[in-house]
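See structure below.
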Amino acid sequence: MKQKLILAVLALLAICYSIHTGNAGECLLAMALVQYGNGVAMMSGRQAGTVFSHNKGGSYTRRFSVPVNAATTFQQNVRSSLADNSSGWRQLMDADRAAWVAWASTHPVINRLGAAIILSGQQAYVQMNRNAFSSGEAANFFTVPPPEPVYEFPFAADFGIDADGTGGALTIESTVQPSADTIVQIFASPPLSPGRTFAKDLSKFIGIFTVLAATVPPTDNDILALWVGRFGTFGADLVGKKLIIAVRSYSNGQWSGITSSSTIVV
């Protein structure tokens with residue numbers, strides 16, 4: 001099987017080399033489409049210098065390049081949290097670690113290829129505590145597995161977005177009153193061409209806020225400062241551009257599925 005895969009990659013490189021009139025540099029920079037078979041349905045990840053991935057156009061390979069270390073505040077917070085969680089796992093009692101192993105065995109997660117996998121106890125501990133930390137909780141908040149999540153959804157599908165570039169306002173509308181205060185995580189895209197419909201690769205986490213149970217909807221939730229903190233100025237020069245905003249709710253160490261909406265800046 002491995003030999004067949006190597007031969008297929010070599011064949012793709014040969015075709016690419018001929019297309020680019022013998023220019024090996026252009027060939028290495030090209031992105032090759034692939035079609036799997038003979039028992040291999042899909043590949044995802046990196047092997048040596050080749051990255052295997054897929055998008056809505058199908059599977060493809062590309063040359064691996066070392067990403068830029070942006071060293072942003074968001075990035076540093078994630079790294080710090082992971083280090084804290086790894087340290088926290090080592091300090092747990094044996095009985096607590098066993099509880100995480102048992103919890104993980106009954107809570108499979110979906111990997112990048114869509115297959116259900118079982119995490120190790122340590123992976124489950126880190127994941128739950130990373131989620132808790134990103135919701136505003138203290139580091140290593142859970143020493144034992146939390147109760148099952150009970151999600152509240154303050155935002156309906158295709159929730160309203162008010163993006164006023166001229167007036168300098170950016171709000172999202174919650175229309176469902178939660179029965180308990182609900183922490184919401186927000187993702188947003190940079191300004192996009194109005195014809196673009198997919199921006200998962202560009203969307204970034206911009207922050208969290210809490211939708212209060214005591215607040216009667218509909219409510220306009222101001223996210224301008226969060227968006228500006230991630231992408232920069234928001235003004236009249238963005239009129240006509242598209243924004244995609246996504247939200248998800250937190251409960252007991254887990255995040256719900258994503259609800260998203262889009263609008264054109266006016």
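The values are calculated or read from the model by the stated rules, or taken from the named source; none is laboratory data. Just so it is clear, the structure is predicted and the values come from calculations on it, not from any experiment. Counting neighbours? That spans all protein chains shown, and the Cβs are built from the backbone with ideal geometry, glycine included.
For this structure, a couple of remarks:
- Residue match in the stretch 110-124 (condition: surrounded by 17 or more Cβ atoms within 10 Å (Cβ to Cβ), hydrophobic (A, V, I, L, M, F, W, C) and either assigned by TED's automatic domain parsing to the domain that holds Tyr250 or touching a residue at least 24 places away in the same chain (Cβ under 8 Å) (or both)): yes
- Scoring Ala98 on the criteria (1) farther than 18 Å from Ile258 by Cα; (2) in the same structural domain as Asp220 (by TED's automatic domain parsing) leaves a single failure, condition (2).
Conditions (1) more than 18 Å from Ala169 (Cβ to Cβ); (2) touching a residue at least 60 places away in the same chain (Cβ under 8 Å); (3) under 19 Å from the mean Cα position of the chain (by Cα), marked per residue:
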residue: Phe187; (1), (2), (3): yes, yes, yes
residue: Ile206; (1), (2), (3): no, no, yes
residue: Pro217; (1), (2), (3): yes, yes, no
residue: Gly235; (1), (2), (3): no, yes, no
residue: Gly240; (1), (2), (3): no, no, no
residue: Ala246; (1), (2), (3): yes, yes, yes
residue: Gly253; (1), (2), (3): yes, yes, yes
